[in-house]
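Engineer: Okay, here's the structure, questions in a sec.
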Amino acid sequence: MKNRPNQPTFPFTIKSCLGLILLYSPVIPVLFFSPLLIAKFFGYYLALRIGITKSNFIAYVILSQVVSAIILYWIIVRRLKLTRTSWTTLGLRKFGGWRAIKYIAGWPLVIIAISILILVVTSLFGVTPPDNSKNAATNLLSGKLLLGLVLVSLMAPLIEEILFRGMLFTAVSAKYSYSYGIALSSLIFAVIHLNPLQMITALIFGPYLCWMYRRLNSIYPGMLLHALHNAAVTLLFFSR
């Protein structure tokens, strides 16, 4: 779908959106971890002393996400200033509260269907989810749960909704069509999650979030739903 003459040109091209997504994952995380990994490989004392372990891995990931968010924010702000456009172009607009509640409340019905699908797929391939019940109390007391919630429930939704729905979905939809925008943004959204089970969920969650954005004309409800979804998944995982 082409831009209408009276509409401002979208400040990001499809290539620039894909470049920022690539920067977000995996370029910056890999660059963030590489010095420590290289130092540990060569056996330097400091790297061995503070090296990546199960207890501090989430903290490293959160730090890499913070760095990614700062860099992406700076790039986006610069581009918006150069093109004299505002954050509303990326979907950060006001929305109708009651309409948003309806769409947010509808997602649990979809997630039930996804859960059934995942159970069927994992049973067919003989995949057994990891049992973390013995570590549940330790996880809660060590702060892993809090760190996990900060990463996946606050930071990830803010960054990913802007990148995938506010930018990539909008750029592809403006040049081609909504169906192409949904397909490409949702496919890449799934791929960056890497974990097969998360990819299955993301392939369904992505189109739902795109549909919400198109209907509500704002990514704020998507951010809220994304945060609630990630928080629920994190709490279920750490409570096992």
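The values are calculated or read from the model by the stated rules, or taken from the named source; none is laboratory data. All of these numbers come straight from a predicted model, not from anything done at the bench. Note: ideal-geometry Cβ built from the backbone for every residue, glycine included; neighbour counts use all protein chains shown. When the accessible area is computed, the model is the full protein with side chains, heavy atoms only, and any ligands, DNA or RNA have been set aside. Shrake-Rupley method; radii C 1.70, N 1.55, O 1.52, S 1.80 Å.
Engineer: Among the residues in region 194-210, are any part of a helix (DSSP H, G or I), touching a Cys at 6+ places or on another chain (Cβ under 9 Å) and open to solvent by 50 Å² or more (accessible area, probe 1.4 Å)?
Structural biologist: To start, the set of residues in region 194-210 that are part of a helix (DSSP H, G or I) comprises 196-210.
Imposing the further condition that a residue be touching a Cys at 6+ places or on another chain (Cβ under 9 Å) reduces the set to none.
Scanning region 194-210 turns up no residue that is part of a helix (DSSP H, G or I), touching a Cys at 6+ places or on another chain (Cβ under 9 Å) and open to solvent by 50 Å² or more (accessible area, probe 1.4 Å).
Engineer: Being surrounded by fewer than 19 Cβ atoms within 10 Å (Cβ to Cβ), of a type in the set (V, I, T) and more than 13 Å from the chain's Cα centre (by Cα) narrows it down to one residue among V172, V191, V233; which is it?
Structural biologist: Checking each option against the conditions leaves just V233.
Here is a yes/no grid of residues against (1) more than 30 Å from T88 (Cα to Cα); (2) assigned to a helix (DSSP H, G or I); (3) open to solvent by 30 Å² or more (accessible area, probe 1.4 Å); (4) at pLDDT 70 or above:
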residue	(1), (2), (3), (4)
I114	yes, yes, no, no
L119	yes, yes, yes, yes
D131	yes, no, yes, no
A156	no, yes, no, yes
M167	no, yes, no, yes
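Engineer: Out of I101, I58, I75, report the one residue that is among the β-branched types (V, I, T), under 23 Å from L151 (Cβ atoms) and either modelled with pLDDT of 85 or more or in contact with a strand residue (DSSP E or B) (Cβ under 9 Å, 6 or more places away or on another chain) (or both). Talk me through it step by step, then tell me what you get.
Structural biologist: Working: I101 fails: under 23 Å from L151 (Cβ atoms); I58 fails: either modelled with pLDDT of 85 or more or in contact with a strand residue (DSSP E or B) (Cβ under 9 Å, 6 or more places away or on another chain) (or both).
One residue alone meets the criteria, I75.
Engineer: Of everything in region 64-79, what is of a type outside the set (K, R), out of contact with any helix residue (DSSP H, G or I) (no Cβ under 7 Å at 6 or more places or on another chain) and in contact (Cβ under 8 Å) with a residue 12 or more places away in the chain? Give them in sequence order.
Structural biologist: V66, I76 - these are the residues of region 64-79 that are of a type outside the set (K, R), out of contact with any helix residue (DSSP H, G or I) (no Cβ under 7 Å at 6 or more places or on another chain) and in contact (Cβ under 8 Å) with a residue 12 or more places away in the chain.
Engineer: Sticking with this one: Taking the condition open to solvent by 30 Å² or more (accessible area, probe 1.4 Å), modelled with pLDDT of 90 or more and more than 9 Å from the chain's Cα centre (by Cα), does L184 pass?
Structural biologist: yes
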